[in-house]
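Read the structure below first, then the notes.
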Amino acid sequence: MPILALALKSLLNRRLTAGLMVVSISLSVMLLLGVERLRTQARAGFANTISGTDLVVGARTGATALLLHAVFRIGYATNNVSWTSYQEIARHPRVRWTIPVSLGDSFRGFTVLGTNKDYFRHYHYGGRRALEFHTGGVFDDVYDAVLGSDVARELNLHLHDSLVVAHGAVDIDSTRHSDKPFRVVGILNKTGTPVDRTVHVSLAGLEAIHVDWQSGMRPPGTSASADDARRQDLTPRSITAFLVGLDSRTAVFHVQRFINDYRREPLLAVLPGVVLQELWDAIGVAEQALLGVSALVALVGLSGMVTALLTGLNERRREMAVLRSVGARPRHVLALIVGEAAALAAAGVALGVVFLYLGLFVTRSFVQTHLGLSIEIGLPGVYEWLLLTAVLLASVVAGLWPAVRAYRYSLIDGMTVHV
C-alpha cells in the first residue's frame, strides 16, 4: 500500500504527462469497446432482418439464394410459385398467416415488391418489431404505393406524389409502365432492413401494369388504360416467394417437410434464422478484421504509455537512487513502476468506459434513424469485461520493461546524474 500511494503521488507530480497517457488509453478503450458493441449489435440486427417468420418458401433452389432474393431483394428467382400452390399451402391447418412476395420490377434503382396487406400486419424485424408508418398508411387502391424510408428520402418523395415503375431492373423509357403510374399513400419508418429500399405495391397493382405485356415486353398496338386494367381479373398467376407463420414453433419441421415434398411443383422451405446465421458466418471475415483493427489501436495506446514511462526514466534516476538509498529493494522499484502503469491503465479504462457510454447516449438516436441499427445501452457483457481485463493485464506486462530498466540503475549512477 505505501508503494501504491507513492506511485499515485509520483503520477500527480507528473500530472500533465500522466493525463495525456490516460486520455490516450481511454480513447483506445472506447474504440475497442465501441467496435465490439457495434459488431455484436450488427450481428444481432442482421440475424433479425426478418423476425417472427417461421419459413420462407420459394421455387426449389439453394437456401441462401432463396433467402437473398425473398428477404434481401438480391438476385433473381430461378422460378415462380404458382398461385394455386400458394393458396393450398396457406390453407394448411398449421399455417397461421402467409405473406406473398412478388418481385421483378424496379423504380429508379429501388426494388418494387408486390404483396398484400398481411405484409404490414405480420412482417417483423429486430426482435418482433412491427413496421410503423412515418406518414400515411397501407395501400387501398390498385395503384397505391408505400415507400421505404430510404426511397422517400433519397428521391425526395412525399405523400400523393406519383411514380412510374419500370419492368425489370433497367429503368429506361422502353421498360417503364408510364400509362399506369402509382400514387404514394404511405412512407414507413426506418428499419435498417431491405424494407427501407423497397417500393411496396399490391399484387393487383403489379398485375394491372402487366395486363398488356407478354414475355417481358408490350406487343406493338396493344395498350390497356389504367381504368381498363382495373376492371380486369387481377388475381396473380404466380408469385416469387412467400413467408409463413405457424400456429406453433413445434410444427416447423412438419410443415417444412410437407412443403419440400410438395408434389404439385418443386418447392423449398427454409428456416430464415438458420440461413441468416450461415450467411453471416460466410461474411464474418470483415467483422473479425474490424475487431483486429480496434485491438491494434488499443495496443498503440499501451505502447504510448510504455514509451512515456521509458522516456521519463532518465529524468527519474535521482528519484530511484534516493529510494534505493533509503532502503527500497529492487522489488519495491519494480512495484512502483508497474503500479504506475496499472494505475494509468485503470484510469484509462474507466475513462474509456465513460466516453463510450456518453458517445452511445449522444449518437444512439442518430444511428437508429440513419443506419437503422439499434444499440443497447446496457452494462458491458462478459466478452467486453474480458477485453477490459486483457487491457489491464497487458498494461501490467507492458510496465515490466521500464520497471526492470529502472531497478537496474545503480545507486551510484543515479546519484551522479546532473540536473
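The values are calculated or read from the model by the stated rules, or taken from the named source; none is laboratory data. Everything numeric here is computed off the predicted structure, so don't read it as measured data. Note: ideal-geometry Cβ built from the backbone for every residue, glycine included; neighbour counts use all protein chains shown.
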### Task
Identify the single condition in (1) touching a Leu at 6+ places or on another chain (Cβ under 8 Å); (2) crowded, with 18+ Cβ neighbours inside 10 Å; (3) not hydrophobic (A, V, I, L, M, F, W, C) that residue 75 does not satisfy, given that it satisfies every other one.
(2)
### Query
Does residue 279 meet the test of being in a helix (DSSP H, G or I), within 30 Å of residue 72 (Cβ to Cβ) and modelled with pLDDT of 75 or more?
yes
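Got a sec? Which of 302, 309, 336 is closer than 22 Å to residue 16 by Cα, at pLDDT below 65 and either touching a helix residue (DSSP H, G or I) at 6+ places or on another chain (Cβ under 7 Å) or assigned to a helix (DSSP H, G or I) (or both)?
Values: 302 fails: at pLDDT below 65; 336 fails: at pLDDT below 65.
Selected residue: 309, the only one of 302, 309, 336 that is closer than 22 Å to residue 16 by Cα, at pLDDT below 65 and either touching a helix residue (DSSP H, G or I) at 6+ places or on another chain (Cβ under 7 Å) or assigned to a helix (DSSP H, G or I) (or both).
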### Message
Against the definition (more than 23 Å from the chain's Cα centre (by Cα), touching a residue at least 24 places away in the same chain (Cβ under 8 Å) and over 15 Å from residue 204 (Cα atoms)), how does residue 135 come out, yes or no?
### Response
yes
### Query
Using beta carbons and a limit of 7 Å, which pairs, at least six apart or on different chains, have the first residue in the range 213-236 and closer than 15 Å to residue 176 by Cβ and the second one aromatic (Phe, Trp, Tyr) and modelled with pLDDT of 75 or more?
226/143
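Looking at residue 98, is it at pLDDT below 95 and either surrounded by 15 or more Cβ atoms within 10 Å (Cβ to Cβ) or within 18 Å of residue 48 (Cα to Cα) (or both)?
Details: at pLDDT below 95: no; either surrounded by 15 or more Cβ atoms within 10 Å (Cβ to Cβ) or within 18 Å of residue 48 (Cα to Cα) (or both): yes.
No; evaluated as a whole, the condition is false for this residue.
Test residue 328 against the criterion of being part of a helix (DSSP H, G or I) and either at pLDDT 70 or above or among the small types (Gly, Ala, Ser) (or both), and give yes or no. Quick ask: steps written out before the conclusion?
Values: part of a helix (DSSP H, G or I): no; either at pLDDT 70 or above or among the small types (Gly, Ala, Ser) (or both): yes.
No: the conditions fail for residue 328.
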### Message
For the structure I just gave you, tell me whether residue 407 is modelled with pLDDT under 70 and assigned by TED's automatic domain parsing to the domain that holds residue 360.
### Response
yes
### Task
Take residue 176 and decide whether it is closer than 15 Å to residue 207 by Cα, free of Cβ contacts under 8 Å to residues at least 24 places away in the same chain and in the same structural domain as residue 206 (by TED's automatic domain parsing).
yes
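Per-residue answers, yes or no, for (1) of a type in the set (Ser, Thr, Tyr); (2) free of Cβ contacts under 8 Å to residues at least 24 places away in the same chain:
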| residue | (1), (2) |
| --- | --- |
| 110 | no, no |
| 122 | no, no |
| 143 | yes, no |
| 153 | no, yes |
| 200 | no, no |
### Query
Does the range 214-231 include one or more residues that are part of a strand (DSSP E or B) and modelled with pLDDT under 80?
yes
### Task
Return the only residue of 68, 6 being among the hydrophobic types (A, V, I, L, M, F, W, C), at pLDDT below 90 and more than 30 Å from residue 269 (Cβ to Cβ).
6
